[in-house]
1. Of the residues G191, G109, only one is among the small types (G, A, S), in the same structural domain as R238 (by TED's automatic domain parsing), modelled with pLDDT under 95 and exposed (fewer than 13 other Cβ atoms within 10 Å of the Cβ); which?
2. Answer yes or no as to whether K146 is in the same structural domain as H127 (by TED's automatic domain parsing), among the charged types (D, E, K, R) and either part of a helix (DSSP H, G or I) or without any contact (Cβ under 8 Å) to a residue 12 or more places away in the chain (or both).
3. Of all residues in the stretch 160-191 being closer than 16 Å to H127 by Cβ and among the polar types (S, T, N, Q), which is nearest to the chain's Cα centre (by Cα)?
4. Go over the candidates D59, D21 one by one and state the one that is closer than 20 Å to W96 by Cα, surrounded by 13 or more Cβ atoms within 10 Å (Cβ to Cβ) and either in the same structural domain as I77 (by TED's automatic domain parsing) or not basic (K, R) (or both).
5. All but one of (1) outside the structural domain of L102 (by TED's automatic domain parsing); (2) within 21 Å of the chain's Cα centre (by Cα); (3) over 17 Å from K120 (Cα atoms); (4) free of Cβ contacts under 8 Å to residues at least 12 places away in the same chain hold for E209; state the number of the condition that does not hold.
6. Is there a residue being in contact with a Gly (Cβ under 7 Å, 6 or more places away or on another chain), free of Cβ contacts under 8 Å to residues at least 60 places away in the same chain and within 19 Å of Y90 (Cβ to Cβ) anywhere in the stretch 46-54?
7. Go through the stretch 212-240 and report how many residues are surrounded by 14 or more Cβ atoms within 10 Å (Cβ to Cβ), assigned to a loop (DSSP other than H, G, I, E, B) and free of Cβ contacts under 8 Å to residues at least 24 places away in the same chain.
8. So L102 passes all but one of these: (1) modelled with pLDDT of 90 or more; (2) under 30 Å from A144 (Cα atoms); (3) part of a loop (DSSP other than H, G, I, E, B). Which condition number does it fail?
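The values are calculated or read from the model by the stated rules, or taken from the named source; none is laboratory data. Predicted, not measured: the structure shown is a model, and the values here were computed from it. FYI the Cβ positions are ideal-geometry reconstructions off the backbone, even for glycines, and counts take in every protein chain you see.
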Amino acid sequence: MAQIKSSKNYDNFKFHEANRDIDPSHLNNLMKSIKRNNLLHENPMKVQSNSDGTYTILDGQHRFAIATLLDTQIYFIITKEMTMDDVPSYQTSKKWGFDDFLKHFCHYGKQDYKVYAGFKKQSGWSHNCLISLLAGNTKGNSLAFKNGTFKITRSIENANELIGMVNDYQEYTKYYKQRSFVTAVLRIINGTPEYDHAQMMKKLSYLSEKLVKCVDVEAYLRLLESIYNYRTTGNYIRFL
């Protein structure tokens, strides 16, 4: 069994660039727990030993941050088997989220993740909406995203066009980035061949007060359908 070591020489430790960022909320909760009962010695960090005598933290960067804030001993195990690739599945106190995986795989140069990061910054959408946009759907692709095998299947040009169409609603509702709203609009655009975006924008120019916040995707679909067909002569276009 690996020996547990301790130290207060904080400068000898550094974070791994592919690790997740420090989460202030998680840090605060963990801080309260450790102040009540400091059990850092029961849960040592996992580190890699470097040739220059320093250590790279693989697991336990939140514990390290708290130890430095409390000016207390840090406890660690030097691992020869664990790598950064093992860290996401090893976490127990707080699982990795999509942002963490995105940073991780961007660091390792995965092109689809770099492109995805650009779209994330541009759109401000939730990960579920963006995965659905760029990969066609979330089924199976959310897991692929976490496994490092995510692939963008939609063309960059088409993806930008769809984001632009959703953003056109910004003038008429502050909820245009809400997950259920984005999902509803994408479903309309992709699933209703008769949909005319220019017509929808024209209707909203004088019916914007009707575009209120809804509780779910179906409610948005019904609402947008009623706005789109308002005083329309001819065929009634259904979104549901």
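1. After applying the criteria, what remains is G191.
2. So K146 fits the description; yes.
3. Result: Q178.
4. The conditions single out D59.
5. (2)
6. Yes, the conditions are met somewhere in the stretch 46-54.
7. The total comes to 1.
8. (3)
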